[in-house]
Amino acid sequence: MDEYVRNQQGPLRALVFGGSGQIGERLLTNLHDAGWQVTAVSRHAQQSRPGLEWISGDLSGTWQGAADFDAVFSCGPLDHFARWFATNVIKAPRVVAFGSTSVDVKRDSIEPAERDVARRLREAEASLFATSRERGVAATVLRPTLVYGAGRDKTLSIIASMARRSGVFVLPLSANGLRQPVHVQDLADAAMQVLAAPATAGQAYALGGGEVLGYSEMVRRVLAALQPRPRLLRVPTALFRLALRAAHATGRLHGMNAEALARMQEPLAFDIEPARRDFGYAPRAFLIEADMVSTPGSTP
Ligand SMILES: NC(=O)c1ccc[n+]([C@@H]2O[C@H](COP(=O)([O-])OP(=O)(O)OC[C@H]3O[C@@H](n4cnc5c(N)ncnc54)[C@H](OP(=O)(O)O)[C@@H]3O)[C@@H](O)[C@H]2O)c1
């Protein structure tokens, strides 16, 4: 951090958006442990504590709070944050914002909504870097792929929850695309590590986990972590597609579209070498335990 923050009197001050999220809550803990004074913004009432002041707000309005921070972090939607950053002048030498590998993965999707996600992410990154350059701010974008670890992700925790309910999880035989799940703590640690690495200014990094594995192996490890252990059932892809259509038609399933099925075969592995080289990124292997895919407080 010395490169960007000099002559500090008292603790370093951070402004954090998305601090109530699965990555954000780990980042708040990291900042607290490192002695930062944090202002965190949420759309919902949150409990302040020493070193952490929660204020109500979102990324749409005019910023009314303090205008001087050592770093601004965004763990919320990147397009909203890029707009907020462009329209609110905050004095901070450092910005670290989470984006997504979807910026590339969904660029050529057959689903218009997914192409739109990629476009918004692309434009948000461009806007954030342009605003940062104009203001002499060092900005870094971190693009996670499949996130897990807090028990409230939308992939592995959903798989675990469905498998727990029925005792079985069904996958098409074609579900063998590569995956690189990344733990929330490794992402929160990355957000801290980039602060001390000048080479990360003006850069975006794909952040996968420390292990690349096939989709079905990833699911197998999730199921193996559960007690009792649900069964993994592999079925012909055509049969799976039919069952998927039936589940949609009867309203028993939402959100899993044809593109998501096709993507189970895609190699979604990312080059994390630039992150290793520039800031020592060293994510853990995919060793999953039940509490990583269970909502805290829920009955396992
Ligand atoms: N989860 C993944 O698999 C994944 C993968 C790739 C990239 N990412 C990216 O990583 C970042 C963090 O992800 P996450 O999974 O930790 O997110 P999350 O758990 O969904 O939390 C995001 C937080 O952002 C805040 N937020 C959401 N919409 C907002 C809005 N319109 N205005 C202001 N604040 C808003 C919310 O805070 P309040 O409710 O307190 O306001 C929420 O707690 C995001 O940029 C996400 O796109 C996630």
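Any read-out appearing in this document is the output of simple, stated calculations on the displayed coordinates, not a laboratory observation. In this text, all values refer to a predicted model and were calculated from it rather than measured experimentally. Ideal geometry is used to build each Cβ from the backbone, glycine not excepted, and the neighbour counts take in all protein chains shown.
Candidates 59, 37, 75 compared by Cα position along the dipole of segment 13-144: farthest toward the positive end lies 37, with charges placed on Cβ. Applying a DSSP loop filter and a limit of 15 other Cβ atoms within 10 Å to the trypsin sites (Lys or Arg not before Pro) in segment 126-155 leaves 154.
Helix 237-249 axis versus longest C-alpha principal axis of the chain: approximately 70°, rounded to the nearest ten.
For segment 42-184, the share of DSSP beta bridges that are antiparallel, to the nearest 5, is 10%.
Under the shape rule built on the C-alpha gyration tensor, where the axes satisfy a ≥ b ≥ c, the chain is prolate, since a/c reaches at least 1.5 and a/b is greater than b/c.
How far is helix 112-135 tilted, in degrees, relative to the longest principal axis of the Cα atoms in the chain, given as a value from 0 to 90 rounded to the nearest 10? The two axes meet at around 20 degrees. A Gaussian network model of the chain, with springs between Cα atoms under 10 Å, assigns the largest mean-square fluctuation among 34, 197, 71 to 34. Relative to the longest principal axis of the C-alpha atoms of the chain, give the angle of the C-alpha long axis of helix 215-224, reported between 0 and 90° and rounded to the nearest 10°. Helix 215-224 and the main axis of the chain meet at about 90 degrees.
Think of each Lys and Arg Cβ as +1 and each Asp and Glu Cβ as -1; about the Cα centre, that makes the dipole of segment 182-300 roughly 700 debye.
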